[in-house]
Amino acid sequence: MSHVVIVGGGAAGLLAAGTALQLGKKVTVVEKNARPARKVMITGKGRCNVTNACSTQELLESVVTNPRFLYSAFNRFSSYDLIDLFENHLKIPLKTERGNRVFPVSDKAVDIVDGLVNYAKGAQFYCNSVCKEVLVEENRVVGIKLQDDTIIEATSVIVATGGQSYPTTGSTGDGYRLAEKLGHTVTGILPSLVPLTCHTTDCRDLMGLSLKNVTLTVTDKRSERSVYSELGEMLFTHFGLSGPLVLSASAHMKPMEPERYVASIDLKPGLTLAQLDARILRDFQENIHRTLRNALNKLLPTKLIPVMIKRVKISPDCKVNQITKEQRLLLAQTMKNFQFSIHDFRHIDEAIVTCGGVCVKEVNPQTMESKLVKGLYFAGEVLDVDAYTGGFNLQIAFSTGYLAGCYAE
């Protein structure tokens, strides 16, 4: 009888375990934490954005690194297959929110975790256990050795250890080391979907301010081309920029070099420059005796007003009836193009996912089996694939886990 050993009890590992069990295989899951799926527990701010309800083509278009590698995985196990699994088989009702993001109706990630663990019921779990080595004889997997030198025999091994983001959940790069020992190439590991740092006091002054319905555009100064532009939400922090728009933008900022990229925020994307200028003029006419600092409260959040005034270099105590047409136009232009020079990514510990991993050229995209070692499979974030926020990265984990669970013998 085939014995599938899965290293890593996260989203990819548990889906692989359940899939293999459904096909009548003996399954063992080795998980370094006391409980499986710790990272799933914190996704979506504890609500778990489990997938994105979109077509296979849209899934592929949302993958930043090596999308073509995932064509078979997404076709064999799509977001709708995952939704069907949770709702009809695991009896966990889901709902679809803005941007086709799918969450449990309960808004509790623990329900998704419990569902996945239930799906893997029947597997033998070794929790608080670390795989030290995948054992190979004559270029075929024969088992694994744990940190305490316990040997578990296997006919196949699925490495689903995650990446290197959120190391407190167990994602500490173990899979990369296992893969390299077996001759696999591991590409450069970088943070992805990560906040950005800026060397300006403006961000510190704006700390905690959340902006909604703004357009963020990132330009590569070297090529003078836009690498990202999207409407959505973002946040200022003491170190720089964060929030959904910023996290997605970070996936396009490669290679990262200090001050290479400029982030431009259009605070009024619904208005043309001329329309915004007319709006400012109207507000000024209604507040003709007020100072500039007291005349912008209908256009800008209170916290943003002093920073904006500093940017346009007009005295905050200047009466609006003294402001020239040129100064007013500069104010409108700055609102439409509120710029920040990006210094760097925040540390990988703060990244949602890892960019880089096991080279996909060395993995069969139709089965997730290694092209170098028979019986060795990879699934999830350990692979060199990553996508935008919105449930796409979890879908990658589930789809690749499904294939590995199907084909591991």
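The values are calculated or read from the model by the stated rules, or taken from the named source; none is laboratory data. Everything numeric in this text was worked out from a predicted model, so none of it was measured. Neighbour counts are summed over all protein chains in view; Cβ atoms, including those assigned to glycine, are modelled from backbone coordinates with ideal geometry.
Starting from residues that are outside any helix (DSSP H, G or I), over 39 Å from the mean Cα position of the chain (by Cα) and of a type outside the set (S, T, Y), keep the ones in the stretch 308-337 and report whichever is nearest to L216 (Cα to Cα). Once the filter is applied, the top-ranked residue is I314. Those strands (runs of 3 or more DSSP E) of the stretch 114-156 in which at least 2 residues are not β-branched (V, I, T), considering only elements entirely within it, cover 124-126, 131-137, 140-146.
So for the stretch 115-122 (the condition being in contact (Cβ under 8 Å) with a residue 12 or more places away in the chain and either within 21 Å of the chain's Cα centre (by Cα) or over 25 Å from F378 (Cβ atoms) (or both)), does at least one residue qualify? Yes; the residues of the stretch 115-122 include at least one that is in contact (Cβ under 8 Å) with a residue 12 or more places away in the chain and either within 21 Å of the chain's Cα centre (by Cα) or over 25 Å from F378 (Cβ atoms) (or both).
Restricting the first residue to the stretch 191-208 and requiring it to be on the phi > 0 side of the Ramachandran plot and at pLDDT 95 or above, which pairs with a second residue that is not hydrophobic (A, V, I, L, M, F, W, C) and not in a helix (DSSP H, G or I) meet a Cβ separation below 9 Å and a spacing of at least six or different chains? Listed by first residue and then by second, the contacts come to G208/T237; G208/H238. For the stretch 149-164, the count of residues that are outside the structural domain of S399 (by TED's automatic domain parsing), under 27 Å from S399 (Cβ atoms) and either of a type in the set (F, W, Y) or in contact with a helix residue (DSSP H, G or I) (Cβ under 9 Å, 6 or more places away or on another chain) (or both) is zero. For M207, the conditions (1) out of contact with any Ser or Thr (no Cβ under 7 Å at 6 or more places or on another chain); (2) farther than 30 Å from T161 by Cβ; (3) part of a loop (DSSP other than H, G, I, E, B) all hold with the exception of (1).
Every condition in (1) under 27 Å from L216 (Cβ atoms); (2) touching a residue at least 24 places away in the same chain (Cβ under 8 Å); (3) outside the structural domain of T28 (by TED's automatic domain parsing) holds for T354 except the one numbered (3).
Could you please let me know if A16 is outside any strand (DSSP E or B), closer than 19 Å to F378 by Cα and touching a residue at least 24 places away in the same chain (Cβ under 8 Å)? Yes: the conditions hold for A16.
In the set T302, T291, only one residue is loosely packed, with under 14 Cβ neighbours inside 10 Å and among the β-branched types (V, I, T); that residue is T302. Of the strands (runs of 3 or more DSSP E) lying entirely inside the stretch 217-280, those containing at least 2 residues that are under 16 Å from M335 (Cα atoms) span 225-236, 261-266.
Residues are listed down the side, and each one gets a yes or a no for (1) farther than 22 Å from D386 by Cα; (2) more than 20 Å from the chain's Cα centre (by Cα); (3) surrounded by 15 or more Cβ atoms within 10 Å (Cβ to Cβ):
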| position | (1), (2), (3) |
| --- | --- |
| R35 | yes, yes, no |
| K39 | no, no, yes |
| N52 | no, no, yes |
| N66 | no, no, yes |
| P104 | yes, no, yes |
| D107 | yes, no, no |
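Scanning the stretch 289-307 for residues that are in contact (Cβ under 8 Å) with a residue 24 or more places away in the chain, in a helix (DSSP H, G or I) and farther than 30 Å from Y261 by Cα gives L292, R293.
Of the residues making up the stretch 346-372, those that are part of a loop (DSSP other than H, G, I, E, B), at negative phi, out of contact with any Lys or Arg (no Cβ under 7 Å at 6 or more places or on another chain) and modelled with pLDDT of 95 or more are C359, P365, Q366, T367, K371, L372. When you check L267 against the structure, is it among the hydrophobic types (A, V, I, L, M, F, W, C), in contact (Cβ under 8 Å) with a residue 40 or more places away in the chain and surrounded by fewer than 16 Cβ atoms within 10 Å (Cβ to Cβ), yes or no? Answer is no for this residue.
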